[in-house]
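Take a look at the structure set out below.
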Amino acid sequence: MRFNTVVEKNYDSLKMLIDEATAFDQEHVLNGLEARHYNVDEIEMLEAHVREHRGMLEKEIASLKKFAVDFNRQYATNNNQCFDTARQLFYRIRSGVAETKKLYKRFCSIRRGRGPLREGVEQRPSVFRHSMLATSLQSPRIFGLEGYDESVGRLCQEMEQFFTRLLCGLMLCRDVLQREAIIRHDFTLAKDIYDTCCQKEVSHSRGMMAILAQVKPDNDDLTLRKIRARSIQDFVCQGFHTVDRDCFQRHALIQVINEGQRNGLTEMESLLWNNNQPFVMKVRAAMAHFDALSPKGYKDGSTGRHKLSAKYVAMFMQWCNITGSGKEKQFVEDYFNKEYRGKYQCISSTSVNTAKTKYTKMEYQHFCSHLAEAIGETTNEEQRQAM
């Protein structure tokens, strides 16, 4: 008789596997070996096979541990339109589950004939109900390992280690699913993750203008979903782990732009400084007085005009908290060069990035001091020591 090894990738299957791994006992192996009449060579080959796949399982568990820590801190996920979380987790421990199915099949009793037919199709019984490893088929044994070859003892130990580690991986999967369910029913937790991830997307998004070019603020899918939701609680909780990451990134950028417009900020100012209106006002004042810092650089032979000093622009970029954010190119090309109204010729972001390492801590402190004087405020100690 042929057996069915299908395991549906859902929570019920996960719970079933956890129950089986928890109930594993070396006596189950002895019952299976007696039922299948394995010889010593076959037992040693099976032992080597289990040991090999336990190594693969260990790698999956290591990956799962990192995934378990990070996954429920993220509001949006990849492939959420194709797979639910349970399915994603099964793919992450697929080697361990596949080996479990093989082991259960290896310990099924040999039966002649075919399974029952239903509408002309043979119904194959599940290995998890008919294997001698299954907890439902166990009966007390009178004798233990004493009367068996040493290879049987080694196989029992190897399989016990395998199922112990399998249980560890399955419990990690269960914890992820349970934590996800808790967050989906707790608005405070979900909203905190939503706000944190929105801020992170705006702070670390590269190529922001290219992303925004793909969608208009009034037809962003997630924004429309937010408008149509019965409440902000429903929108935030139902959206947790059901939103695509690209969609969420666009939504986060549009949200900060819309909020910035209400505060009188331009689109680029909102994206660069995440709606920090008081600081943007300082940046605007600094831009208006930038020539007071004497930022004259080399003379452009083709135009006859002096260029801005790349070092001065680089120091200003640090003062603006842009250096190291991944937004250097947007700051220079999409903000500074467009908003600068001085007498010098603007320079490329490549020149500015090259100059980031061309000035000393003392030079930066003098720059901050002169800039503070130019815009009529005292030097900010944090800015002076930021380098």
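Could you run through the stretch 344-373 and say how many residues are of a type in the set (S, T, N, Q) and touching a Lys or Arg at 6+ places or on another chain (Cβ under 6 Å)?
Counting residues in the stretch 344-373 that are of a type in the set (S, T, N, Q) and touching a Lys or Arg at 6+ places or on another chain (Cβ under 6 Å) gives 3.
Looking only at the stretch 107-122, filter to residues that are at pLDDT 65 or above and out of contact with any Leu (no Cβ under 7 Å at 6 or more places or on another chain); which one of those is surrounded by the fewest Cβ atoms within 10 Å (Cβ to Cβ)?
Selected residue: Ile110.
Out of (1) open to solvent by less than 70 Å² (accessible area, probe 1.4 Å); (2) touching a residue at least 60 places away in the same chain (Cβ under 8 Å), the odd one out for Asp175 is which?
(1)
Against the condition outside any helix (DSSP H, G or I), on the phi > 0 side of the Ramachandran plot and of a type outside the set (Asp, Glu), how does Gly297 come out, does it pass?
No: the conditions fail for Gly297.
Would you check which residues across the stretch 1-39 are surrounded by fewer than 14 Cβ atoms within 10 Å (Cβ to Cβ) and at pLDDT below 90 and list them?
Arg2, Val6, Glu34, His37, Asn39
Go over the candidates Val256, Val280 one by one and state the one that is surrounded by 18 or more Cβ atoms within 10 Å (Cβ to Cβ), at pLDDT 85 or above and not in a loop (DSSP other than H, G, I, E, B).
Val280
Looking at the stretch 6-49 only, could you name the residues that are within 21 Å of Gly96 (Cα to Cα) and of a type in the set (S, T, N, Q)?
Asn10, Ser13, Thr22, Gln26
Do we find that Asn80 is open to solvent by 40 Å² or more (accessible area, probe 1.4 Å), modelled with pLDDT under 90 and either over 30 Å from Asp186 (Cα atoms) or within 25 Å of the chain's Cα centre (by Cα) (or both) in this structure?
Taking the combined requirement at face value, the residue does not satisfy it.
Could you count how many residues in the stretch 146-193 are in a helix (DSSP H, G or I), over 19 Å from the mean Cα position of the chain (by Cα) and farther than 30 Å from His37 by Cα?
5
Just need a number here: residues in the stretch 323-335 that are in a loop (DSSP other than H, G, I, E, B) and buried (at least 23 other Cβ atoms within 10 Å of the Cβ).
Total meeting the criteria: 1.
Hey, among the residues in the stretch 178-192 that are open to solvent by 20 Å² or more (accessible area, probe 1.4 Å) and of a type outside the set (D, E, K, R), which one's farthest from Asp12 (Cα to Cα)?
Thr188
Can you tell me which residue is modelled with the lowest pLDDT among those in the stretch 194-247 that are in contact with a Lys or Arg (Cβ under 7 Å, 6 or more places away or on another chain) and of a type in the set (Val, Ile, Thr)?
Step by step, filter the stretch 194-247, then rank; the result is Val215.
Does Asn380 satisfy the criteria of being at pLDDT below 90 and open to solvent by less than 80 Å² (accessible area, probe 1.4 Å)?
Spelling it out, Asn380 is indeed at pLDDT below 90 and open to solvent by less than 80 Å² (accessible area, probe 1.4 Å).
The values are calculated or read from the model by the stated rules, or taken from the named source; none is laboratory data. All figures in this text were calculated on a predicted structure; none of them were measured in a lab. Cβ atoms come from the backbone with ideal geometry, glycine included; neighbour counts cover every protein chain shown. Just so you know, the surface numbers come from the protein's heavy atoms only, side chains and all, with ligands and any DNA or RNA stripped out. Shrake-Rupley method; radii C 1.70, N 1.55, O 1.52, S 1.80 Å.
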